[in-house]
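Have a look at the structure below before the remarks.
FYI, it's all coordinate maths here, none of it is from the lab. Note that the structure is predicted; figures quoted are calculated from it, not measured. Please note: Cβ atoms are built from the backbone with ideal geometry, for glycine as well, and neighbour counts cover all protein chains shown.
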């Protein structure tokens, strides 16, 4: 498998298990480090649940430590996949074991480059989101696969961190005034200042960020000009609503009702289907003919788990966007 294929598999597993218990997620990551990253328990390269002495009486347990013979290479701390916690715990393990590379896995992956001369809040860290087609994700697979080279990890993570900082600085510089000044400087080599000023008066510059969220008050976007497919839009909406737990129990019940969904979205299936048994997900996803009609990803609302209908086409776009707008305006609750 390529680094890209391995990362896609990791993202798929994360989406499937983001609402499961930490111990289940940890078992998956043990298999990832073994089967995808090349470390083995046979040669004692994956140390699971190591007990670490703290002081004279207290002990703590590190989730996963990747080793090379007797040397600890990096420490992995795993938390529930919907949370953003664990920084302090991982940093304490790095200090106790004198290891300078740590990986925190929760709703994202955070790589820590530890420097014992710095305070905790000064430590270099780099986030990798669980996004498909992610160059950061592919780099994570490459860097943490066997053979592991701590200096290369340190070098590339610092380089990526600095590069991202520079990109942000450039974005902040790029405004209309800056662009006009660049044009003036370049055009002055050939034209007079009056000619340049007169030409620029007739030109409108517009700087905008890609993928900017459309304000609720903006007109409904034209489906023909909209680049994102409706299925992805629906997934993004329900993922965000799941993270924020923003859909009421009453509305969830309606979204599980075929008649309501047919009326609101012109779709023949219930938008959401409750999962009572995680072992039955593959069966729940399929219709009576064995065709998958629901996505694999799990969504959690009000303490219950659901799967989302995958049968979205351009015929459903207009109605979904209208319903979404009413929901965001708190007209649908």
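Here is how the numbers come out for the structure above:
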item	result
Ranked packing of 316-328, 149-161, most packed first, by mean Cβ within 10 Å	316-328, 149-161
P(r), alpha carbons of the stretch 43-144 - 10 Å bins starting at zero, rounded %	14, 46, 34, 6, 1
Peptide ranges 189-199, 272-282 listed from the most packed, as the mean C-beta count within 10 angstrom indicates	272-282, 189-199
Linear extension gain, residue 145 paired with residue 172, 0.36 nm per residue minus alpha-carbon span	6.1 nm
Percent RCO, i.e. relative contact order, over the stretch 17-148, from Cα pairs under 8 Å lying at least 6 residues apart	18
Quarter of the Cα convex hull surface for the stretch 221-333, i.e. its orientation-mean projected area (nm²)	7.2
In nm, spacing of pseudo-spin labels at residue 268 and residue 22 (7 Å Cα→C-beta vector)	4.6
Rel. contact order, % - alpha carbon contacts under 8 angstrom, at least six apart, the chain	12
Dimensionless Rg over Rh [the chain; C-alpha; Kirkwood]	1.06
FRET efficiency for residue 82 and residue 31, using Cβ-Cβ distance with R0 set to 22 Å, rounded to 0.05	0.60
Zone of residue 302's modelled label, taken as backbone nitrogen in the stretch 247-282 under 17 Å from a point 7 Å along Cα→Cβ	247-258, 260-261, 271-276
Cβ-Cβ FRET estimate between residue 202 and residue 236, R0 fixed at 45 Å, reported to 0.05	0.70
